[in-house]
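For reference, the structure discussed in these notes is given below.
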Amino acid sequence: MKLQEMFESLPPEWPTDLLAEIRKLVHESRRKVVVLDDDPTGTQTVYDIPVLTEWSVETLCTELESELPAFYILTNSRSLSHAEAAALNAKIGHNLLEAGRRSGQDFVVVSRSDSTLRGHFPGEVRALAQALQQEFDAWLIIPFFLEGGRYTVHDVHYVAEGGRLVPAGETEFARDVVFGYRASNLREWVEEKTKGNVRADDVASISIEDLRLGGPDKVTERLTTLRHGSICVVNAASMRDLQVFVLGLLRAEALGKRFLYRTAASFVQVRAGLAPHPLLRRADFDLPLGRGGLIVVGSYVPRTTAQIQALLAQSDVCSLEVRVEALLDNERWQQQTRNLAQHAEQLLGSGRNVVVYTSRQLVIGDNAEHSLNIGRRVSEGLVSIVRAISTRPRYLVAKGGITSSDVAAHGLGVRRAMVMGQILPGVPVWQLGAESRFPGLVYVVFPGNV
């Protein structure tokens, strides 16, 4: 389907901007938005919001008691097995529950995942819901993500490619070795992911017509009549659609309804009441002279490979390739990582920009868990290289969700960072905390599929 034809076929958007009323209800609710992010790219729509890589009860109390409307907890659960992801979500849920009791602060929880439907659903959401010990009226599934060109219309989730809309189940993302799927219709996707335990006909839906013709009142009506414990998918083709939904959602919550959100990044911005923010500019950064920038690439999707080819065509970039097969060989691991780190150190110290990237031949395992272990091993190799570099780079760009998470948490020792904003649509920039190896470093989190 052509993108423009789809837009023209829909009813007109709701005519008025609703952000002011959303912000009013967010303030009145006094509920903090807590985002469990299965990789760090979920910060791609917010600004001036902290992101944590640890979740002790004491740390969570501090964030719940702050004046900021939201904070992120980086779980990186997409790099884990299903059992590990469920256990981690359960642990964080228990800690959040205890932190809420100690602080007296109420909160709502977003399980933020991939806008192309990859992730541990429903396992980690179920574990989180059980740990929070709340009776949720429904789980809300909202994968709309404007900056990435992800739209949900008539319950079908689409990925924009050029001027076309491709059903998500027909894209490269649906062929993911670990998180692959077939259904593009979200109700059918729920049935597929729950292995038939939830039938597509039993999944509720908030339609585009509900949003654009019925408005917030229709959304509230639909949400308040959901059967307890149900799953509801939400259609959206614009940020105004999301505003209409969130206002209706907040009104439903004010009536006592409680929901657990499984969403992409755009929802967080609206639910937290954040106004649109301009892209960051060169003047927003304090970049020291005399040192090179470091770019670390682990993502293997075709879009990233094309971007690497464009990057390597630049005359001011020195390339260092990490051979994946060497990382999978215990005898060659140490030699390769040590040599590449030394080479990168020399180049950065001389003021050269350096890209450290994994070889482009995808290596997969015999099954999903084996493939996850291979990915983990590759990420550990990249982390080892970054950890061995003692020269502070001018900036650091990490390409890929798992890569950027592991480099931040394990390569740089980040425990808390602030999201400054976005340098390109969907590409967030963090400023690293004082506890990290390079305090204040500009850290660009570049998603693999953007």
Discussion item. Looking at the chain only, what percent of DSSP beta bridges run antiparallel? Nearest 5 please.
Written reply: 35 percent
Worksheet item: residue 55 accessible area, nearest 10 Å², 1.4 Å probe?
Response: 60 Å²
Fill in: Cut-off under 5 Å, modelled amide H: who pairs with residue 296 long-range
356, 397, 398, 399
Item to complete: Give me the net charge of residue 442's neighbourhood, meaning all other residues with Cβ under 13 Å from the Cβ of residue 442; Lys, Arg count +1, Asp, Glu -1.
Response: +3
Worksheet entry | Positive dipole terminus of segment 177-229, leading residue within 211, 223, 190 (C-beta point charges) | 190
Fill in: Counted charge near residue 206, where neighbours are those whose Cβ lies closer than 13 Å (Asp, Glu -1; Lys, Arg +1)
-2
Discussion item. Greater than 26 Å separation of Cα atoms is the criterion. Which listed pairs, 218/257; 195/218; 24/218, meet it?
Written reply: 195/218
Discussion item. Angle check, please: helix 368-388 long axis (alpha carbons) against the longest principal axis of the chain (alpha carbons), in degrees 0 to 90, nearest 10.
Written reply: 50 degrees
Worksheet entry | Value of Rg to Rh for segment 7-146 (Rh from inverse mean 1/r over Cα pairs, i.e. Kirkwood) | 0.99
Discussion item. Using only Cα atoms and rounding to the nearest 10 degrees, what angle (0 to 90) does helix 215-224 make with the longest principal axis of the chain?
Written reply: 80 degrees
Worksheet, complete the sentence: Relative contact order in percent for segment 205-256 (Cα pairs under 8 Å, 6+ apart) equals 51 percent
Worksheet, complete the sentence: Charge tally for neighbours of residue 131 with beta carbon under 13 Å away, counting Lys, Arg as +1 and Asp, Glu as -1, is 0
Worksheet item: With axes computed from alpha carbons, what is the tilt in degrees of helix 82-103 against the longest principal axis of the chain, rounded to the nearest 10 within 0 to 90?
Response: 70 degrees
Worksheet, complete the sentence: For segment 206-361, using Cα atoms only, the Rg and Dmax in Å read 24.4, 64
Worksheet item: What ranking, highest mean first, results for peptides 241-253, 129-141, 149-161 when packing means the other Cβ atoms within 10 Å averaged over each residue?
Response: 241-253, 149-161, 129-141
Practice prompt. Among the trypsin sites (Lys or Arg not before Pro) in segment 24-89, which ones are in a DSSP loop with at most 16 other Cβ atoms within 10 Å of the Cβ? Mind listing them?
Written response: 30
Worksheet item: Ranked highest first by the average count of other Cβ atoms within 10 Å around their residues, in what order do 212-219, 415-422 fall?
Response: 415-422, 212-219
Worksheet item: Given 374, 359, 388, which one lies farthest toward the positive end of the charge dipole of segment 351-393, if we put +1 on the Cβ of every Lys and Arg and -1 on the Cβ of every Asp and Glu?
Response: 388
Worksheet, complete the sentence: Dividing the alpha-carbon radius of gyration of segment 134-244 by 2.2 N^0.38 Å, where N counts its residues, gives 1.09
Worksheet item: Convex hull over the alpha-carbon atoms of segment 277-412: what's its volume per residue in Å³?
Response: 130 Å³
Worksheet, complete the sentence: The Cα extents of segment 22-64 along the principal axes, largest first and rounded to whole Å, are 30, 26, 17
Worksheet item: Using a ≥ b ≥ c from the Cα gyration tensor of the chain (square roots of the eigenvalues), is it rounded, prolate or oblate, where a/c under 1.5 gives rounded and otherwise the larger of a/b and b/c decides, a/b for prolate?
Response: prolate
Worksheet item: Rounded to the nearest whole Å², what accessible area per residue is found for segment 259-393 with the 1.4 Å probe?
Response: 48 Å²
Response to the item:
Length-normalised contact order of segment 304-450, Cα under 8 Å, at least 6 apart, in percent, tallies to 20 percent
Practice prompt. Whenever you get a sec, compute what percent of the accessible area on the chain sits on carbon and sulfur atoms (1.4 Å probe).
Written response: 49 percent
Item to complete: Could you let me know the centre-to-centre spacing of segment 43-100 and segment 375-441, using Cα atoms, in angstrom?
Response: 18 Å
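The values are calculated or read from the model by the stated rules, or taken from the named source; none is laboratory data. Here the structure is a predicted model, which is why all the values come from computation and not from measurement. FYI the Cβ positions are ideal-geometry reconstructions off the backbone, even for glycines, and counts take in every protein chain you see. Only protein heavy atoms, including side chains, enter the accessible area calculation; ligands, DNA and RNA are left aside. Shrake-Rupley method; radii C 1.70, N 1.55, O 1.52, S 1.80 Å.
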